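Peer 1: The structure is given below, and queries will be raised subsequently.
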């Protein structure tokens with residue numbers, strides 16, 4: 001009735017907004033909606049339930065905005081804080097971290113709210129890195145859960161990563177315990193996926209306004225003893241318009257065909273893991289020598305296809321950093337000095353570790369060295385190795401101080417299908433999907449942890465065991481059987497029958513992938529050369545879907561490429577596509593540094609031969625995988 005609507009508008013409806021323009025727009029929209037419903041009964045009535053405040057900050061302290069400027073704002077906030085809230089609706093922002101050290105906008109901290117997350121979502125999370133649990137939308141869930149009265153409803157349109165991410169397992173556990181009914185509508189649209197998965201995710205309901213998957217979450221507290229999760233996936237290959245049309249058609253949660261979900265022991269809702277998988281030992285417990293790849297956080301400065309170029313770029317940035325210490329040496333206050341530093345990314349790329357060094361006025365010597373590094377799959381670049389400008393070296397200076405080999409596996413929590421790739425060069429952190437490396441040699445006695453007894457049970461040497469593991473990780477049956485497990489945790493290694501064959505194929509795969517630059521041309525492939533110009537700008541297919549041909553440049557075309565070669569996918573895309581993507585002339589927008597692959601080798605045919613070689617690597621890898629024996633567990 002109009003009386004009920006009027007009561008809600010006058011006394012029971014509240015809104016918060018911290019951006020002044022948005023504050024006024026929100027107030028006007030609410031007032032205009034009420035005026036339309038109310039007609040001429042009362043005349044135009046101002047909405048007095050809106051507060052100019054940061055919602056999270058509003059419950060941190062008693063302080064509010066200065067009343068001299070905002071009149072009754074303080075009274076409105078106090079009134080809101082004193083009354084029970086039974087429904088909270090919103091579209092919270094998504095932000096878990098500052099994009100760049102060159103940005104002055106530091107991430108806001110909320111002592112009480114973040115402590116509440118620490119004691120709930122973070123406490124129950126099994127993830128090592130819990131940073132994403134302080135994303136704004138997760139803070140909004142925690143704030144709203146605490147703000148609700150004994151009974152109530154939260155309705156959010158938000159980032160949907162929490163539905164299946166490993167770091168959010170503690171969040172899912174807490175929601176299941178704290179609420180009685182969870183209605184989770186997954187609208188998909190994750191633009192950070194690749195290949196076929198990206199096509200399945202398809203349109204985002206916010207268009208280009210978001211790259212994250214989106215979900216509608218209705219969380220209900222009714223004081224009962226029930227705890228139930230209802231889930232619905234909107235479906236694959238749907239455009240933005242398709243999804244919006246479905247939402248308009250459904251109108252209500254009453255019209256949705258919900259799937260009832262029982263969370264498993266891992267607090268997973270969807271893509272639940274194999275119950276027997278945990279019987280096997282994790283690869284992380286097997287190796288003594290293990291480390292993530294190298295992470296510089298300033299790749300355009302520290303990596304380059306040109307050996308001379310990367311040395312020049314890195315040393316120029318170091319010299320500029322040292323000059324900034326001299327220029328600002330008279331400023332004693334650390335915060336003022338940081339704010340006064342040159343933030344132009346064409347001048348210096350700042351990061352957390354570099355700022356810490358800067359705060360201590362520690363200069364950096366120009367005594368780094370250039371090494372060959374695996375930047376992406378089948379892509380070598382020159383790396384300027386100087387720990388002071390590398391955010392995290394991953395102990396690579398010790399791991400690769402002698403001839404070594406490492407199996408790099410996909411990091412847990414990645415959306416792409418599982419990937420693994422061997423290397424004998426320092427790997428970048430993104431060489432295989434934020435991966436982790438397990439290395440053949442180490443500075444301690446013995447290759448493997450004492451808990452791992454496969455070499456004793458199977459009478460395999462440590463080196464044979466290394467290749468046995470590499471073979472297993474390429475098994476199609478293994479990847480299919482433990483698909484969900486491999487996306488959410490590091491691989492576990494079972495004891496299999498036919499061990500000798502896994503060792504043999506694993507060794508052949510390793511040799512093939514380590515010597516990927518030197519494979520013979522695959523049979524029937526044609527290389528059409530109009531003139532001997534081997535420089536590349538950007539390789540491409542003639543048109544979308546025509547995979548059997550690659551236009552290398554205006555003078556060279558490769559034809560009769562087997563389309564099956566594109567079935568060898570690593571780190572989210574076919575190996576061939578990695579060559580096309582990486583070996584092109586690129587200029588970084590922020591630093592304005594150009595990276596030209598033609599400068600990598602003195603051999604003018606290097607890139608052409610590399611492409612032809614990787615086609616062979618792709619075909620031969622598929623053949624070897626097909627030769628692996630049946631996946632049979634040793635009882």
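The values are calculated or read from the model by the stated rules, or taken from the named source; none is laboratory data. Since the structure is predicted, the reported quantities are computational estimates derived from the model, not experimental observations. Virtual Cβ from ideal backbone geometry, glycine too; neighbours counted across all protein chains shown.
Residue by residue, here is whether (1) buried (at least 20 other Cβ atoms within 10 Å of the Cβ); (2) touching a strand residue (DSSP E or B) at 6+ places or on another chain (Cβ under 7 Å); (3) not in a strand (DSSP E or B) holds:
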| residue | (1), (2), (3) |
| --- | --- |
| 116 | no, no, yes |
| 121 | yes, no, yes |
| 124 | no, no, yes |
| 144 | yes, yes, yes |
| 155 | no, yes, no |
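Peer 1: Does residue 236 qualify as being modelled with pLDDT under 95, within 25 Å of residue 574 (Cα to Cα), under 28 Å from the mean Cα position of the chain (by Cα) and surrounded by 12 or more Cβ atoms within 10 Å (Cβ to Cβ)?
Peer 2: Considered against the rule, which asks whether it is modelled with pLDDT under 95, within 25 Å of residue 574 (Cα to Cα), under 28 Å from the mean Cα position of the chain (by Cα) and surrounded by 12 or more Cβ atoms within 10 Å (Cβ to Cβ), residue 236 comes out as no.
Peer 1: I've got another one for you. Kindly indicate whether any position in the range 97-113 is under 23 Å from residue 148 (Cα atoms), surrounded by 12 or more Cβ atoms within 10 Å (Cβ to Cβ), modelled with pLDDT of 90 or more and touching a helix residue (DSSP H, G or I) at 6+ places or on another chain (Cβ under 7 Å).
Peer 2: Within the range 97-113, one or more residues are under 23 Å from residue 148 (Cα atoms), surrounded by 12 or more Cβ atoms within 10 Å (Cβ to Cβ), modelled with pLDDT of 90 or more and touching a helix residue (DSSP H, G or I) at 6+ places or on another chain (Cβ under 7 Å).
Peer 1: Residue 353 - would you say it is surrounded by 13 or more Cβ atoms within 10 Å (Cβ to Cβ), within 25 Å of the chain's Cα centre (by Cα) and over 25 Å from residue 598 (Cβ atoms)?
Peer 2: For residue 353, the condition - surrounded by 13 or more Cβ atoms within 10 Å (Cβ to Cβ), within 25 Å of the chain's Cα centre (by Cα) and over 25 Å from residue 598 (Cβ atoms) - is met.
Peer 1: Going residue by residue through the range 578-595, is there one that turns out to be under 30 Å from residue 277 (Cβ atoms) and touching a residue at least 24 places away in the same chain (Cβ under 8 Å)?
Peer 2: Yes, the conditions are met somewhere in the range 578-595.
Peer 1: Report whether or not residue 592 is more than 15 Å from residue 612 (Cα to Cα), under 27 Å from the mean Cα position of the chain (by Cα) and not in a strand (DSSP E or B).
Peer 2: Spelling it out, residue 592 is indeed more than 15 Å from residue 612 (Cα to Cα), under 27 Å from the mean Cα position of the chain (by Cα) and not in a strand (DSSP E or B).
Peer 1: Step by step: first the residues of the range 183-200, then only those that are in contact (Cβ under 8 Å) with a residue 24 or more places away in the chain and assigned to a helix (DSSP H, G or I), then the one that is farthest from residue 232 (Cα to Cα). Which residue is that?
Peer 2: So the residue we want is 195.
Peer 1: Is it the case that some residue within the range 160-170 is out of contact with any strand residue (DSSP E or B) (no Cβ under 7 Å at 6 or more places or on another chain) and not in a helix (DSSP H, G or I)?
Peer 2: Looking through the range 160-170, at least one residue is out of contact with any strand residue (DSSP E or B) (no Cβ under 7 Å at 6 or more places or on another chain) and not in a helix (DSSP H, G or I).
Peer 1: To continue, here is another question. Just the residues that are part of a loop (DSSP other than H, G, I, E, B) and surrounded by 15 or more Cβ atoms within 10 Å (Cβ to Cβ), please, taken from the range 364-388.
Peer 2: Within the range 364-388, 364, 368, 377, 378, 386 qualify.
Peer 1: Among the residues of the range 281-294 satisfying the criterion of being touching a strand residue (DSSP E or B) at 6+ places or on another chain (Cβ under 7 Å) and surrounded by fewer than 17 Cβ atoms within 10 Å (Cβ to Cβ), which is nearest to residue 438 (Cα to Cα)?
Peer 2: The qualifying residue nearest to residue 438 (Cα to Cα) is 284.
Peer 1: Related question: State yes or no: is residue 176 touching a strand residue (DSSP E or B) at 6+ places or on another chain (Cβ under 8 Å), over 16 Å from residue 94 (Cα atoms) and in contact (Cβ under 8 Å) with a residue 24 or more places away in the chain?
Peer 2: So residue 176 fits the description; yes.
Peer 1: Output yes when any residue across the range 215-223 is free of Cβ contacts under 8 Å to residues at least 24 places away in the same chain and either surrounded by fewer than 13 Cβ atoms within 10 Å (Cβ to Cβ) or not assigned by TED's automatic domain parsing to the domain that holds residue 198 (or both), and no when none is.
Peer 2: No - not one qualifying residue is present in the range 215-223.
Peer 1: Out of everything in the range 333-349 that is in a loop (DSSP other than H, G, I, E, B) and free of Cβ contacts under 8 Å to residues at least 24 places away in the same chain, what residue ends up being nearest to residue 592 (Cα to Cα)?
Peer 2: By that ranking, first place goes to 342.
Peer 1: Among the helices (runs of 4 or more DSSP H) confined wholly to the range 1-58, which include 1 or more residues that are touching a helix residue (DSSP H, G or I) at 6+ places or on another chain (Cβ under 6 Å) and surrounded by 16 or more Cβ atoms within 10 Å (Cβ to Cβ)?
Peer 2: So the answer is 20-38, 55-58.
Peer 1: So is residue 297 surrounded by fewer than 17 Cβ atoms within 10 Å (Cβ to Cβ) and either under 26 Å from the mean Cα position of the chain (by Cα) or part of a strand (DSSP E or B) (or both) or not?
Peer 2: Against the criterion (surrounded by fewer than 17 Cβ atoms within 10 Å (Cβ to Cβ) and either under 26 Å from the mean Cα position of the chain (by Cα) or part of a strand (DSSP E or B) (or both)), residue 297 does not qualify.
Peer 1: Checking the conditions here, which among 219, 148 is within 26 Å of residue 108 (Cβ to Cβ), at pLDDT below 95 and more than 22 Å from the chain's Cα centre (by Cα)?
Peer 2: Result of the check over 219, 148: 148.
Peer 1: Those residues that are at pLDDT 80 or above and assigned to a loop (DSSP other than H, G, I, E, B), I need them from the range 427-468; list them, please.
Peer 2: 429, 430, 431, 432, 433, 434, 435, 440, 460, 461
Peer 1: Are any residues in the range 240-275 more than 17 Å from residue 185 (Cα to Cα) and either surrounded by 13 or more Cβ atoms within 10 Å (Cβ to Cβ) or touching a strand residue (DSSP E or B) at 6+ places or on another chain (Cβ under 8 Å) (or both), and if so, which ones?
Peer 2: 266, 267, 272, 273, 274
Peer 1: Identify, by number, the condition in (1) surrounded by fewer than 16 Cβ atoms within 10 Å (Cβ to Cβ); (2) assigned to a loop (DSSP other than H, G, I, E, B); (3) on the phi < 0 side of the Ramachandran plot that residue 534 doesn't meet.
Peer 2: Failed condition: (1).
Peer 1: Within the range 473-513, how many residues turn out to be part of a helix (DSSP H, G or I) and either touching a strand residue (DSSP E or B) at 6+ places or on another chain (Cβ under 6 Å) or more than 15 Å from residue 422 (Cα to Cα) (or both)?
Peer 2: So the count comes out to 19.
Peer 1: Can you find even one residue in the range 551-566 that is modelled with pLDDT of 95 or more, surrounded by 14 or more Cβ atoms within 10 Å (Cβ to Cβ), assigned to a helix (DSSP H, G or I) and touching a strand residue (DSSP E or B) at 6+ places or on another chain (Cβ under 8 Å)?
Peer 2: yes
Peer 1: Let me ask another. What number goes with the only condition from (1) surrounded by fewer than 18 Cβ atoms within 10 Å (Cβ to Cβ); (2) part of a helix (DSSP H, G or I) that residue 610 does not pass?
Peer 2: The number of the failed condition is (1).
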